[in-house]
């Protein structure tokens, strides 16, 4: 079960990264070029929200079944986990930053829906999706992706 969930989580991450980059670039372009907010923009923002939430659910399941997640903390203790950079990345830093990514994407999506005109809609998406994207990029386990 662990390897299947890890496989899904790893490959879904490519989709999340791709969609979040596209949605963020679209929001930046819409804001800077004073574009009209349309159905395509709504769908991109919504798809970004959906794929990040699905990834969070997969990641939470993985954290509970992975030997690098909760089992690592249980077996080694929090002091040992925090003292080892690899253990800390997988058990604490990566999950926390990904949860914050989903929080910022969700806030941005919710706030943009309340705006009535295009520029503020794009501004909300641009700010919160960009913060989410930067948090996501900061704690991707790159060594696991490229090994």
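The values are calculated or read from the model by the stated rules, or taken from the named source; none is laboratory data. Computed from a predicted model, the values in this text were never measured in an experiment. So basically every Cβ, Gly included, is an ideal-geometry build from the backbone, and we count neighbours across all protein chains shown.
If I ask for residues that are without any contact (Cβ under 8 Å) to a residue 40 or more places away in the chain and in contact with a helix residue (DSSP H, G or I) (Cβ under 7 Å, 6 or more places away or on another chain), which ones from segment 28-51 would you list? Spell out the reasoning first.
Within segment 28-51, the first condition is being without any contact (Cβ under 8 Å) to a residue 40 or more places away in the chain, and the residues that meet it are 29, 32-33, 38-40, 42-44, 47, 50-51.
Across segment 28-51, the qualifying residues are 44, 47, 51.
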With the structure loaded, tell me whether residue 5 is farther than 13 Å from residue 132 by Cβ, buried (at least 17 other Cβ atoms within 10 Å of the Cβ) and in contact with a helix residue (DSSP H, G or I) (Cβ under 8 Å, 6 or more places away or on another chain) or whether it fails that test.
yes
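Residues 45, 29: which one is within 16 Å of the chain's Cα centre (by Cα) and in a helix (DSSP H, G or I)?
45 is the lone residue from the list that is within 16 Å of the chain's Cα centre (by Cα) and in a helix (DSSP H, G or I).
Of the residues 54, 25, which is over 16 Å from residue 115 (Cα atoms) and either at pLDDT below 95 or out of contact with any helix residue (DSSP H, G or I) (no Cβ under 9 Å at 6 or more places or on another chain) (or both)?
Testing whether each residue is over 16 Å from residue 115 (Cα atoms) and either at pLDDT below 95 or out of contact with any helix residue (DSSP H, G or I) (no Cβ under 9 Å at 6 or more places or on another chain) (or both) leaves just 25.
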Residue 46: surrounded by fewer than 16 Cβ atoms within 10 Å (Cβ to Cβ) and at pLDDT below 95, yes or no?
no
With (1) in a loop (DSSP other than H, G, I, E, B); (2) out of contact with any helix residue (DSSP H, G or I) (no Cβ under 9 Å at 6 or more places or on another chain); (3) more than 30 Å from residue 37 (Cα to Cα) as the list, and residue 116 as the residue in question, which single condition is left unmet?
(3)
Within segment 60-89, track down each residue that is assigned to a helix (DSSP H, G or I), touching a residue at least 40 places away in the same chain (Cβ under 8 Å) and in contact with a helix residue (DSSP H, G or I) (Cβ under 7 Å, 6 or more places away or on another chain).
61, 62, 65
Please enumerate the residues belonging to segment 55-77 that are surrounded by 14 or more Cβ atoms within 10 Å (Cβ to Cβ) and over 20 Å from residue 10 (Cβ atoms).
73, 76
Let me spell it out: the conditions are (1) touching a residue at least 60 places away in the same chain (Cβ under 8 Å); (2) surrounded by fewer than 18 Cβ atoms within 10 Å (Cβ to Cβ); (3) assigned to a helix (DSSP H, G or I), and residue 121 meets all of them except one. Which number is the exception?
(2)
